[in-house]
Structure formats: structure tokens, C-alpha cells
Amino acid sequence: MSRFKSKEEIESLRKGGKILAKILKELAKYSTPGVSTEDINDYALKLAEDYGAEPVLLGYHPEFAEYPYPAALCTSVNNTVQHGVPRADEILKDGDIINLDMSIGYEGMIVDSGVTVPVGKTDATSQKLIDVTREALALGIKQAKPGNHIGDISHAIQTFVEAHGFSIVEVLCGHGVGHAVHEEPQIPNFGKARSGPEIKVGNVFAIEPIVNVGSKDVIFDDDGDGYSVFTVDGSRSAHFEHTVVITERGPEIVTKV
């Protein structure tokens, strides 16, 4: 599988990225008190159909899982770090925060993006967590330019997050994307500058800081739904993600509205 994408493939990524950005914007507005995470999934399926996109997470079977993923997106609420499976009995409440993480296929190419949003009005610490994670993504993307290294992205994210008193989840990371949901290279959210593979024109990355209020340690729900990841101490977690194409001029965010 090539790490480099052609001009034609990049154009398809741009088209798909615009669609995914619109879908996530609608889902964020829809995530209000009284709505279930299953309702959000149903709406995501409808939007994907309306836009002619393939919800590629539905039926996706990663190596670690016993069964394919059963939904169109991951809905991770409060202390769920990643990969939360939508449920009819998980009802959003005022003050919650929710991460919406979705991948779609369009014209044979895959884009991946995620946002964390407050449900109604949340507390100051949760809002700071959201703001810091969003800005950490922006700073990481700035380092994704030709001639830099993966470690430059990692270091920028880690230093900003830790300076604000939060912790980086180290066992989950960003990745290449485009031909498949997950491709090489892995893109950790911690590390040393100038380390790791060199970033080159034609690379496509899903950059995604994952940040906890408390401990960096997490629990994998192997005995539950088989997918959800939780903070070990019950603290809240946030995640933002963009698909980024590396051009001669620098990083181009294709999943930005």
C-alpha cells in the first residue's frame, strides 16, 4: 500500500473531506440533551446516504476486535476516550461532552475526522479540555510539512497539552489514511522533535490528539462492547482529528469546513 497519493486521489480526498466536514457539523448540532448516541448514529447514516458517501466504519473489522464495528461512527461520551459504540440507552445530558469520530469513503478514497463538543452548557474544566485539544491539533498540523519528521508533530502536541495541565493518551495515536482506514505511519501524540519518518509531499495523515483531564492511562473494554476505551480514573477525555494532505506548500486540511 503506497504512502503517497496521486493528484487524482488527492482531489477525491478533498471532495470526501468536504462532505465529512459537513456531516460532522450537522452531527455536532444534533448532539443535544435527550438525544441518544444511537439517534446520532442513525442520523450519521442518513447524512452519509444523502451525500453519497460510504460509512466505512460500519462493518470495519480491526485485528483486535472479535466482531466488526456495528455503527457508522464512534460516539465517546465524557470518560470514554475513543471508540464508543452508539447505544439506545446512552442518553446525552446537559453538561456532557461527546466525541464524534467518523470515517467515510468517497470515490474510492477514505477520509477520517473527529470533533469533541459540549452538550448544552458544560463546566469550565471540560471546556478548557476541548479548547486545548482543538488547539493542540492545529499546532500539530502546522508541523506536518515536507522536510519535518513525524516527531515534530508529536512534540508540538505533547508540549502544548502538558503545559496546560492535561495528559496525552499514549496507547492511541494518529495514522496514515487514504487507501484504507488505518495506514502507516503511526503518528504518536508524544515524542521528540526531529524523530521518526520524514514527512514528504503526497503523504496523507489523520492527525488526532487524544487528551485526558487526569491520568494518561486507559482501560480497554474487552469484556463489554469490545471497542470502547475509558479513562482509568473516570476523568473526561477529548479528541480532535483532521485528514491532512502534505503538499509542496505545506499541510492542507481536507476535512475542514
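What the table shows:
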{"read-out": "Pairs where the first residue, in segment 124-146, is closer than 10 Å to residue 156 by Cα and the second is in a helix (DSSP H, G or I) and among the β-branched types (Val, Ile, Thr), C-beta under 6 Å, 6+ apart", "value": "136/157; 136/161; 140/153; 140/157; 143/153"}
{"read-out": "Cβ-Cβ under 8 Å pairs, at least 6 apart or on other chains, segment 78-107 side within 18 Å of residue 32 (Cβ to Cβ) and in contact (Cβ under 8 Å) with a residue 12 or more places away in the chain, far side basic (Lys, Arg) and surrounded by fewer than 19 Cβ atoms within 10 Å (Cβ to Cβ)", "value": "94/121; 95/121"}
{"read-out": "Flag if residue 105 is crowded, with 16+ Cβ neighbours inside 10 Å and farther than 19 Å from residue 214 by Cα", "value": "yes"}
{"read-out": "Selection within segment 217-255 - in contact (Cβ under 8 Å) with a residue 40 or more places away in the chain, farther than 20 Å from residue 75 by Cα and part of a loop (DSSP other than H, G, I, E, B)", "value": "248, 254"}
{"read-out": "Criterion: outside any helix (DSSP H, G or I) and among the aliphatic types (A, V, I, L, M) - qualifying residue of 58, 47, 13", "value": "58"}
{"read-out": "Checklist (1) more than 22 Å from residue 24 (Cβ to Cβ); (2) touching a Phe, Trp or Tyr at 6+ places or on another chain (Cβ under 9 Å); (3) touching a residue at least 40 places away in the same chain (Cβ under 8 Å) applied to residue 184, failing item", "value": "(2)"}
{"read-out": "Residue in segment 60-70 that is under 27 Å from residue 211 (Cβ atoms) and crowded, with 18+ Cβ neighbours inside 10 Å present", "value": "yes"}
{"read-out": "Breaking point among (1) at pLDDT below 95; (2) surrounded by 22 or more Cβ atoms within 10 Å (Cβ to Cβ), for residue 212", "value": "(1)"}
{"read-out": "Filter pass, residue 242 being surrounded by 16 or more Cβ atoms within 10 Å (Cβ to Cβ) and at pLDDT 95 or above", "value": "yes"}
{"read-out": "Hey, residue 136 under 9 Å from residue 189 (Cα atoms) and surrounded by 21 or more Cβ atoms within 10 Å (Cβ to Cβ) or not", "value": "no"}
{"read-out": "Listing of strands (runs of 3 or more DSSP E) fully contained in segment 102-208 that carry 1 or more residues being touching a Pro at 6+ places or on another chain (Cβ under 7 Å) and either more than 30 Å from residue 91 (Cβ to Cβ) or hydrophobic (A, V, I, L, M, F, W, C) (or both)", "value": "174-176, 183-187"}
{"read-out": "Lone unmet requirement of (1) at pLDDT below 95; (2) of a type in the set (D, E, K, R); (3) not in a loop (DSSP other than H, G, I, E, B) for residue 63", "value": "(3)"}
{"read-out": "Residues of segment 133-190 satisfying the condition of being over 15 Å from residue 242 (Cα atoms), small (Gly, Ala, Ser) and either at pLDDT below 95 or touching a strand residue (DSSP E or B) at 6+ places or on another chain (Cβ under 6 Å) (or both)", "value": "167"}
{"read-out": "Number of positions in segment 153-179 that are within 30 Å of residue 7 (Cβ to Cβ) and either buried (at least 16 other Cβ atoms within 10 Å of the Cβ) or of a type in the set (Lys, Arg) (or both)", "value": "10"}
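The values are calculated or read from the model by the stated rules, or taken from the named source; none is laboratory data. Quick caveat: nothing in here was measured; it's all calculated off a predicted structure. Positions of Cβ are generated from backbone atoms using ideal geometry, with glycine treated the same way; all protein chains shown enter the neighbour counts.
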